[in-house]
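Asker: Would you mind keeping the following structure in view while I ask a few things?
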Amino acid sequence: MTANRGRTIFERIIDREIPAEIVFEDEDFIAIRDIAPKAPIHLLVIPKRHTERVDDITDAAEMGRLWLTAVKVAREQADDYRFVVNCGEGGGQVVFHTHIHILAGWQTGPESDTE
């Protein structure tokens, strides 16, 4: 954490200062249920090491572990799923701590591929 940046809500969840429904956790990642779900199943996979955006991760192994963790969590929750990553304010990012959204649980799929 830098001196000029406040702690994100995800850092506070990781540190157990804010409650969350945790569905997965290991040494490097935590996955929680989104408190404002956009699908019947809406999870967030969050690296414990803070980067503001997914494209700030420059280590291939770290990036691979993030995506493999997201796949593992998604497959534990649903047969079919969607990943969404927002990068920057213009890309719809609200919390500036890298995270992957897992959306799933529709009976016949979402209405469109951009929903």
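Values quoted throughout were computed directly from the atomic coordinates according to the rules given, and no laboratory measurement underlies them. Predicted model, so just to flag it, every value in this text is computed and none were measured. Glycine gets a Cβ as well: all are built from the backbone with ideal geometry, and neighbour counts include every protein chain shown.
Asker: Pairing the Cα long axis of helix 60-77 with the longest principal axis of the chain, what angle in degrees results, from 0 to 90 and rounded to the nearest 10?
Answerer: 40 degrees
Asker: Counting Lys and Arg as +1 and Asp and Glu as -1, what is the net charge of the other residues whose Cβ lies under 9 Å from the Cβ of residue 104?
Answerer: With Lys, Arg at +1 and Asp, Glu at -1, the net is -1.
Asker: Gaussian network model of the chain, Cα springs within a sub-10 Å range: biggest mean-square fluctuation belongs to which of 61, 31, 70?
Answerer: Result for the chain, Cα springs under 10 Å: 61 fluctuates most.
Asker: Report the residue, chosen from 102, 14, 35, that carries the largest GNM mean-square fluctuation when the chain is represented by alpha-carbon nodes joined by springs under 10 Å.
Answerer: 35
Asker: Taking the chain as a Gaussian network, Cα atoms linked when under 10 Å apart, which of 58, 98, 69 shows the biggest mean-square fluctuation?
Answerer: Per the Cα network of the chain with a 10 Å cutoff, 58 tops the list.
Asker: Remind me, relative contact order of the range 41-115 in percent, using alpha carbon pairs under 8 angstrom and six or more residues apart?
Answerer: Result for the range 41-115 is 48 percent.
Asker: Only one of the values (i) 12, 35, 28, 21, 5, 0; (ii) 13, 46, 34, 6, 0; (iii) 13, 42, 32, 11, 2, 0 was calculated from this structure for P(r) over Cα pairs in 10 Å bins from 0, in percent; name its label.
Answerer: The value matching this structure is (ii).
Asker: Let me have the 222 nm mean residue ellipticity of the chain computed from DSSP H runs of 4+ only, each contributing -39500 (n - 2.57), with the sum over all residues rounded to the nearest 500.
Answerer: Result for the chain, helices only: -6500 deg cm²/dmol.
Asker: What FRET efficiency would be calculated for the residue pair residue 72, residue 49, taking the C-beta separation as r and a Förster radius of 25 Å, to the nearest 0.05?
Answerer: With a Förster radius of 25 Å, E is 0.90.
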